[in-house]
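S.K.: Shown below is the structure under consideration.
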Amino acid sequence: MTSDLFHGFEPPAPRREDMAEGAVLLRGKALETEDELLGALAAIEEKAPFRHMVTPGGFVMSVAMTNCGEAGWVTDLSGYRYDRTDPLSGRCWPPMPAPFMSLAVEAATEAGYPDFRPDACLINRYEPGARLSLHQDKNERDFANPIVSVSLGLPAIFQFGGLKRTDPVRKYALHHGDVAVWGGPSRLFYHGIPALKEGVHPKAGAARINLTFRGAL
Ligand code: MD3
Ligand code: FE
């Protein structure tokens, strides 16, 4: 049964968009598991709450972050790194929930990276006004691994440039349920999120959540 004419309430089939060589956007791919994803996130937050980390330059990030998996991305005055423990609790990060892992592996496979098994998931929470300035993700050990990202909640503009900070950027609107895979040449492209607009999402409230799956260790 490929038609849902008689049911009508299935989420739309994900549509695929190629953003650059190695970068694939799977629109709506997370919609069928949104409740499992948000439920698992609530459990993670109880053990490892969102917090505003400090950059090596001494700025407090406007994006709040937490992690799950074997390692988590952290920043403080001494630098950026992956750490097996949460500096707030001194304990391991919560394990990666099964619906997170399944979605990341499925998306990576669809994009041409069937061997990707993330060991870290950085979870970003944007409230209106929060932003992430143009940067590269370079703290992971092996850039042959893609990064998979899942957008939930309020929409955002995603800026996608090139290998140099000054390369021109293209803009994409990322919506609740969109999944993107960044591998190959695009793995080291500059990218960022300008200030989130005000709004309220029925499932996520006044926030955008982004799950980013990485092979960190
Ligand atoms: C392109 N997060 O956590 S997700 C990050 O929406 C980060 O929270 C943004 O940039 C967010 O580092 C963007 C999309 C993304 C993630 C990693 C990438 C795009 C990427 C790595 C390389 C190229
Ligand atoms: Fe990034």
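S.K.: Take the residues of segment 54-87 that are in a loop (DSSP other than H, G, I, E, B) and within 17 Å of the chain's Cα centre (by Cα): which is farthest from residue 127 (Cα to Cα)?
M.R.: That would be 70.
S.K.: Consider residue 167 against the criteria (1) buried (at least 18 other Cβ atoms within 10 Å of the Cβ); (2) over 15 Å from the mean Cα position of the chain (by Cα): it satisfies all of them except one. Which criterion is unmet?
M.R.: (1)
S.K.: Please determine whether any residue of segment 176-194 is among the hydrophobic types (A, V, I, L, M, F, W, C), within 10 Å of ligand 1 (Cβ to nearest atom), over 20 Å from residue 21 (Cβ atoms) and touching a residue at least 24 places away in the same chain (Cβ under 8 Å).
M.R.: Yes, that holds for at least one residue.
S.K.: Further question: List the pairs whose first member sits in segment 109-123 and is within 17 Å of residue 70 (Cβ to Cβ), whose second member is among the basic types (Lys, Arg) and buried (at least 24 other Cβ atoms within 10 Å of the Cβ), and whose Cβ atoms are under 7 Å apart, counting only residues at least 6 apart or on separate chains?
M.R.: From segment 109-123, the pairs are 118/214; 120/214; 122/214.
S.K.: Next up: Taking residue 33, is it among the polar types (S, T, N, Q) and either buried (at least 17 other Cβ atoms within 10 Å of the Cβ) or within 16 Å of ligand 2 (Cβ to nearest atom) (or both)?
M.R.: Values: among the polar types (S, T, N, Q): yes; either buried (at least 17 other Cβ atoms within 10 Å of the Cβ) or within 16 Å of ligand 2 (Cβ to nearest atom) (or both): yes.
When the stated conditions are applied, residue 33 passes them.
S.K.: Residue under question is residue 120, and the condition is that it be touching a strand residue (DSSP E or B) at 6+ places or on another chain (Cβ under 6 Å) and within 22 Å of residue 75 (Cα to Cα); does it hold? If you could, list the steps in order and put the result at the bottom.
M.R.: On the way: touching a strand residue (DSSP E or B) at 6+ places or on another chain (Cβ under 6 Å): yes; within 22 Å of residue 75 (Cα to Cα): yes.
In short, yes.
S.K.: Here is a list: 151, 133. Which entry is in contact (Cβ under 8 Å) with a residue 60 or more places away in the chain, touching a Gly at 6+ places or on another chain (Cβ under 9 Å) and assigned to a strand (DSSP E or B)?
M.R.: Numbers: 133 fails: in contact (Cβ under 8 Å) with a residue 60 or more places away in the chain.
None of the others qualify; the one that does is 151.
S.K.: Residues to consider are 136, 159; find the one that is surrounded by fewer than 16 Cβ atoms within 10 Å (Cβ to Cβ), of a type outside the set (A, V, I, L, M) and under 21 Å from residue 209 (Cα atoms). Break it down into steps so the answer makes sense when it comes.
M.R.: Details: 159 fails: surrounded by fewer than 16 Cβ atoms within 10 Å (Cβ to Cβ).
Exactly one residue qualifies, and that residue is 136.
S.K.: Now for a separate question. Among the residues of segment 118-130, write down those that are part of a loop (DSSP other than H, G, I, E, B) and under 13 Å from residue 213 (Cα atoms). Spell out how you get there, then give the answer.
M.R.: First pass over segment 118-130, keeping only residues part of a loop (DSSP other than H, G, I, E, B): 118-119, 127-130.
Residues satisfying the conditions are 118, 119.
S.K.: Within segment 180-197, how many residues are more than 13 Å from ligand 2 (Cβ to nearest atom) and not charged (D, E, K, R)? Show your work before the answer.
M.R.: From segment 180-197, those more than 13 Å from ligand 2 (Cβ to nearest atom) are 181, 183-185, 194-197; that's our starting set.
After this cut, where a residue has to be not charged (D, E, K, R) as well, the list is 181, 183-185, 194-196.
The qualifying residues number 7.
S.K.: I'm checking my understanding of the structure. Among residues of segment 187-203 that are within 14 Å of residue 174 (Cβ to Cβ) and more than 17 Å from the chain's Cα centre (by Cα), which one is surrounded by the most Cβ atoms within 10 Å (Cβ to Cβ)?
M.R.: Here is the first cut: in segment 187-203, the residues within 14 Å of residue 174 (Cβ to Cβ) are 191-194, 196-197, 199, 201.
From what's left, more than 17 Å from the chain's Cα centre (by Cα): 197, 199, 201.
Details: 197: 12, 199: 13, 201: 16.
The qualifying residue surrounded by the most Cβ atoms within 10 Å (Cβ to Cβ) is 201.
S.K.: Let me ask another. Check 96, 101 and return the single one that is at pLDDT 95 or above, closer than 25 Å to residue 203 by Cα and in a loop (DSSP other than H, G, I, E, B).
M.R.: Values: 101 fails: in a loop (DSSP other than H, G, I, E, B).
Criteria check complete, one pass: 96.
The values are calculated or read from the model by the stated rules, or taken from the named source; none is laboratory data. Fair warning: this is a prediction, and the values are worked out from it, not measured in the lab. No Cβ is skipped: glycine too gets one built from the backbone with ideal geometry, and neighbour counts run over all protein chains shown.
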